[in-house]
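To keep things clear, I will list the structure first and then write my remarks on it.
Every number here is computed from the coordinates shown, using simple stated rules; none is lab data. Note that this is a predicted model, so its numbers are computed, not measured. When we count neighbours, we look across all protein chains shown, and the Cβ atoms used for this are built from the backbone with ideal geometry, even at glycine.
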Amino acid sequence: MTSKSIRPLLGIAAFFAISACAQTSSAATPSSPSALPSAPSATAAGTKVGTINIEQAVVGTNEGRRDFEALDKKLEPKKNELKAQNDELESLQKQLQTQGDKLNEDARTTLVNQIQDKKKAFDRAVQDAQDDAQTQQKEIFQRILQKMAPVIVKYAQDNGLGVIVDISNPWPQSPILWAGPGVDITKPVVDIYNAQSGVPAPASGGVEPRPTTSRPSTGARTAPKTTQPSK
């Protein structure tokens, strides 16, 4: 779902959003100081445990699919630009590999320096693109999560759930070793959110977008064999 580098941030955001919503919900229900403790009911905090994949829930909503697809299209020109830079770098590397031993020392040095300069520029461009994409992905995620938090809390209260655990990360990154599908509330929460948001399912209807951005896999990542040390 989201990339590994932003997962900790999304997990923290989910914790605070849901906790804040739960506290607000509790504060809105006054209790009598003289009342004795009562048994858990379906409308109060229960003792059952539920699990939810927060990343899957946010990205799986109609709103999330729509917005992440829009972001993917927005970033398409930058992807094409990086591909062009990568293709140029690969072409220069191939030239060095096939013609390097035929070039004089000055020509070879010039070509090696050109490759190194373009590789540095390419690496910076890839990193900047990743940072920008992750920032925009996080903004979408947090915006939807803020609206989903009350849905999660109400669902828990209505179904007597006392604990909800995020299982976005598998064990051992998560403390949950195993949980059966019967306690997973991801789908019902997404269904309720979609109904309340009124956002229709994207026309594409295909695979849910993945909020990730990775570096291009290319031979340009391999330093050329030269008589000078490559950085």
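What the table below lists for this structure:
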| quantity | calculated |
| --- | --- |
| Per-residue Cβ neighbour rank within 10 angstrom, fewest leading, R65, R143 | R143, R65 |
| Coordinate range along principal axes, alpha carbons of the stretch 50-208, Å, largest first | 79, 36, 23 |
| Cβ-Cβ FRET estimate between Q130 and D101, R0 fixed at 35 Å, reported to 0.05 | 0.45 |
| Packing-based exposure ordering (other Cβ within 10 Å, fewest first) of L161, L92 | L92, L161 |
| Under-5 Å amide H pairs with L161, H placed in peptide plane, nonlocal only | G46 |
| Rg [Å, one decimal], Dmax [Å, integer] - the stretch 50-119, C-alpha atoms | 21.8, 70 |
| Nitroxide proxy distance, nm - points 7 Å out along Cα→Cβ at N159 and A84 | 5.0 |
| Percentage relative contact order, the stretch 55-203, counting C-alpha pairs under 8 Å, at least six apart | 49 |
| Entries of K83/K120; K83/K138; K74/K119; K74/K138 with Cα pairs more than 22 Å apart | K83/K138; K74/K119 |
| Using a Förster distance of 30 Å, the FRET efficiency for V49-R143 (Cβ separation, nearest 0.05) | 0.60 |
| Hz values of 3J(HN,Hα) by residue in the stretch 116-124 - Karplus curve (6.51, -1.76, 1.60), Gly and Pro given as x | 5, 5, 5, 5, 4, 5, 5, 4, 5 |
